[in-house]
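This report concerns only the one structure given below.
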Amino acid sequence: MSAAGAYGGRARGSAISRSAHCSRTQCHMELREGIVIQAFFTDIKPPAERAAYWTDAVGKAFTRLEVRAREDAKIHGAIRQASVAGVHVGSLEASPQRMTRTAPLIAADGDNSLVVSLQRAGAGVATQDGREVPVTAGELVILDTRRPYALNFTGPVRQSVATVPREMLDLPDSALRLATGRTYSTVQGISGVLASYVNGLVTITDHCSCAPDQCACAPASKEFLGRGIVDILTALVALEGNAKDVAAYEVQETLLLRLRTYIRSHLHDPSLSPASVAAAHHISVRYLYQLFQGEPMTVGRWIQRLRLEGCRRDLVTPELAGQTVAAIAHRWGFASHAHFSRTFRSVYGLSPAEFRRAGLSPTGTDPDVGHRA
């Protein structure tokens, strides 16, 4: 993994809405939608300053690591990273080097994250929990920042990286220890879904860092983006902890993850329905309903609830106060305003307009009071 690639942690620094503090060597900005972006480049620093600058950049973007260039290699690196709903995603390019998360560093910063590092180019060796595994292009590895690990890159590397705070994952330590320090395929199974999701988020990050004025993300969308990667990572770790019962379960869970991801990304489409979801995945509607049998609600009800929750959040978001109720409902896939109003009232006990007034008023009642599960 690359320098910034294997380090879990938090983006740090101050920023102001839709503005940036940038130089060719570093950029920190916070978009209006709350997506925090950081970028670091070593190229224009004087050679004598690059090693210290790069170590500091890795610490700011990910977590504190000891970074040492390989013999006869010069330090080079670039990081583009965004923070979305508590999850940190980014791309990293680095020269041959060794990065080590040591016990003293762990004790000093107390970082508590899981790192998903997808190798896009180059190769290296990852070591954690007594396991030493080669990581080649097209593989991903999971690391835990609470325990020592090392990343040794024998040549230039390029990675996509996601860092997920440990508290967002409802998993026991025993399961995590089975999943970390191992490599996973990026072309099949749940790990393939995870790799595709990470790469998609990194593509968004790179676009936002290069053209922040063209980067737009609805408030509810950020939550779905963050929650999606948490769901997939949780499924992968849980599966690794129950490897003896994998076969049929993995097929079903992988398909369920794809279905959930597809539905969340198409909520804006009024034609989204159980039939269209089934058709897009080449399965029958009957089998689709079977897959959701163990879920709290049917797939149709889940689609409706996601749309309602998206509208509920947008209605009480101050930045969206200028948008009409009808516009918000349309954005979340409701074709009929009358149907939306009736459905919203049946779930939350208030009309959308009443809910908005209660939520945006400094002295209004809590708009969640009327919420019904």
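The values are calculated or read from the model by the stated rules, or taken from the named source; none is laboratory data. All values reported here derive from a predicted model rather than from experimental measurement. A quick note on method: Cβ atoms are made from the backbone with ideal geometry, for glycine too, and the neighbour counts reach across all protein chains shown. The protein model used for the area step is the full one, side chains on, heavy atoms only, and it has no ligands, DNA or RNA in it. Shrake-Rupley method; radii C 1.70, N 1.55, O 1.52, S 1.80 Å.
Listing for the model above:
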| item | result |
| --- | --- |
| Number of positions in the stretch 93-115 that are surrounded by 15 or more Cβ atoms within 10 Å (Cβ to Cβ) and assigned to a loop (DSSP other than H, G, I, E, B) | 4 |
| Residue in the stretch 53-92 that is nearest to D109 (Cα to Cα), counting only those that are outside any helix (DSSP H, G or I) and among the charged types (D, E, K, R) | R64 |
| Filter result (within 20 Å of A78 (Cα to Cα) and either in a loop (DSSP other than H, G, I, E, B) or open to solvent by 10 Å² or more (accessible area, probe 1.4 Å) (or both)) within the stretch 158-174 | R158 |
| Test for G181: is it more than 23 Å from E93 (Cβ to Cβ) and not in a helix (DSSP H, G or I) | yes |
| Selection from the stretch 116-131 of residues that are at pLDDT below 90 and outside any loop (DSSP other than H, G, I, E, B) | R131 |
| Any chance G90 is open to solvent by 20 Å² or more (accessible area, probe 1.4 Å) and either at pLDDT below 90 or more than 22 Å from G181 (Cβ to Cβ) (or both) | no |
| Selection within the stretch 117-138 - more than 23 Å from H76 (Cα to Cα) and open to solvent by less than 50 Å² (accessible area, probe 1.4 Å) | Q128, V133 |
| Wholly within the stretch 247-343, helices (runs of 4 or more DSSP H) carrying at least 1 residues that are among the small types (G, A, S) and open to solvent by 20 Å² or more (accessible area, probe 1.4 Å) | 274-280, 299-315, 325-331 |
| Among the residues listed as V198, V141, V202, the single one being crowded, with 16+ Cβ neighbours inside 10 Å, touching a residue at least 60 places away in the same chain (Cβ under 8 Å), in a strand (DSSP E or B) and touching a Ser or Thr at 6+ places or on another chain (Cβ under 6 Å) | V141 |
| Pair list, Cβ under 9 Å, 6 or more apart: the stretch 280-299 residue over 16 Å from R258 (Cβ atoms), other residue at pLDDT 85 or above and open to solvent by 90 Å² or more (accessible area, probe 1.4 Å) | T298/Y289 |
| Flag if K45 is in contact with a Phe, Trp or Tyr (Cβ under 7 Å, 6 or more places away or on another chain) and open to solvent by 10 Å² or more (accessible area, probe 1.4 Å) | yes |
